[in-house]
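Below you'll find the structure, written out as structure tokens, and then a few comments.
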Amino acid sequence: MKLFRFLSLLMAGLLLLNSCSKDNSIEPEKPAEEQASKDVVSVFHKTDQYYQPYVYRYDSTARKWTNRIASHFSTVPASDPTYIGFTNPNVVDSGVNLFGMVTLYATQIGTNNIKEAKINAEKVLQFFPDAVGATKGKVKVLTQDVTISRKDGAPFKIGISGEGTYDTQTKVMDLVVHFNETTIGGAAKVSRTYKISVDALSLN
């Protein structure tokens, strides 16, 4: 009887210990698609002064890709190095031609001068590998309102969001960017297709 009681107490103790160890276990690592990667940022961004990737937009009217959209100076925000942003840290009170917005909204701006438009976005692109160590994955365009200055100094805002894919072997991103143009009397969702590459591309 004493032996049976001892074994019963021993089993109860082992079950309690096992239960506690499960409750205190370390949370499993998040799936790769939920973790933004700094390593991918280092593929598409260079620390060279005035560095800019090659950015192209597909012109659905002309049915061909545009020439390179210049003045995309990439930067990495100190507050979150999992992002690539596009700002001009080298010229005071200037900006970038983010996704060609200076050209797209030249009528509203009153000029196609990048310095006058003053577009700067510290966080734009974030990368999520398909799996740990994968060379391919998803790109997310941070949903935000981009402030643009008119020639007379009065600002207006265009919303951006979007998604796409990347490949660290080809060093190319394919993106669809959605623009909210309601502040200038346009549609709430105008989608445009882009390619961003470390190297020059021949597309047409």
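The values are calculated or read from the model by the stated rules, or taken from the named source; none is laboratory data. Quick caveat: nothing in here was measured; it's all calculated off a predicted structure. Note: ideal-geometry Cβ built from the backbone for every residue, glycine included; neighbour counts use all protein chains shown. Ligands, DNA and RNA are excluded from the accessible area calculation, which covers all protein heavy atoms including side chains. Shrake-Rupley method; radii C 1.70, N 1.55, O 1.52, S 1.80 Å.
Computed from backbone phi, the HN-Hα couplings of the range 35-41 come to 10, 6, 10, 6, 5, 5, 4 Hz, rounded to whole numbers (Karplus: 6.51 cos²θ - 1.76 cosθ + 1.60, θ = phi - 60°; Gly and Pro given as x).
Highest average first, the peptides 35-42, 52-59 ordered by how many other beta carbon atoms sit within 10 Å of their residues are 52-59, 35-42. Calculated accessible area for the range 111-204 comes out at 51 Å² per residue, all protein chains present (probe 1.4 Å; ligands, DNA, RNA ignored). Summarising the amide proton neighbourhood of G162: residues at separation of 5 or more, or on other chains, whose placed amide H is nearer than 5 Å comprise V141, H178.
With a cut-off of 18 Å on the backbone N, the residues of the range 105-143 near the modelled label site 7 Å out from D93 along Cα-Cβ are 110-120. Taken one residue at a time, the phi angles of the range 110-125 give Karplus couplings (6.51, -1.76, 1.60, θ = phi - 60°) of x, 6, 10, 7, 4, 5, 6, 6, 6, 7, 9, 9, 5, 10, 10, 10 Hz. Gly and Pro are set to x. Using the Stokes-Einstein relation with a Kirkwood hydrodynamic radius computed over Cα pairs, the translational diffusion coefficient of the range 111-172 at 20 °C and a viscosity of 1.002 mPa s comes to 156 µm²/s.
Couplings 3J(HN,Hα) for the range 50-65, derived from phi with the Karplus relation 6.51 cos²θ - 1.76 cosθ + 1.60 (θ = phi - 60°), are 6, 5, 8, x, 8, 10, 10, 10, 7, 8, 5, 6, 7, 6, 7, 7 Hz, where x marks Gly and Pro.
Computed packing ranks the peptides 98-108, 61-71, 117-127, 81-91 as 117-127, 98-108, 81-91, 61-71, most packed first, by mean other Cβ atoms within 10 Å. The range 28-135 gives an Rg/Rh value of 1.04, both radii derived from C-alpha positions and Rh following Kirkwood. Based on C-alpha pairs under 8 angstrom that are at least 6 apart in sequence, the range 55-136 has a relative contact order of 27 percent. Just need the relative contact order of the range 83-204 here, percent rounded to a whole number, with Cα pairs under 8 Å and 6+ apart. Taking the mean separation of contacting Cα pairs over the length of the range 83-204, I get 17 percent.
Each label was represented as a point 7 Å from its Cα along the Cα-to-Cβ direction; for S202 and D152 these points are 4.8 nm apart.
Overall dimensions of the range 80-204, expressed as equivalent-ellipsoid semi-axes from the Cα gyration tensor (√(5λ), whole Å, largest first), are 27, 16, 14.
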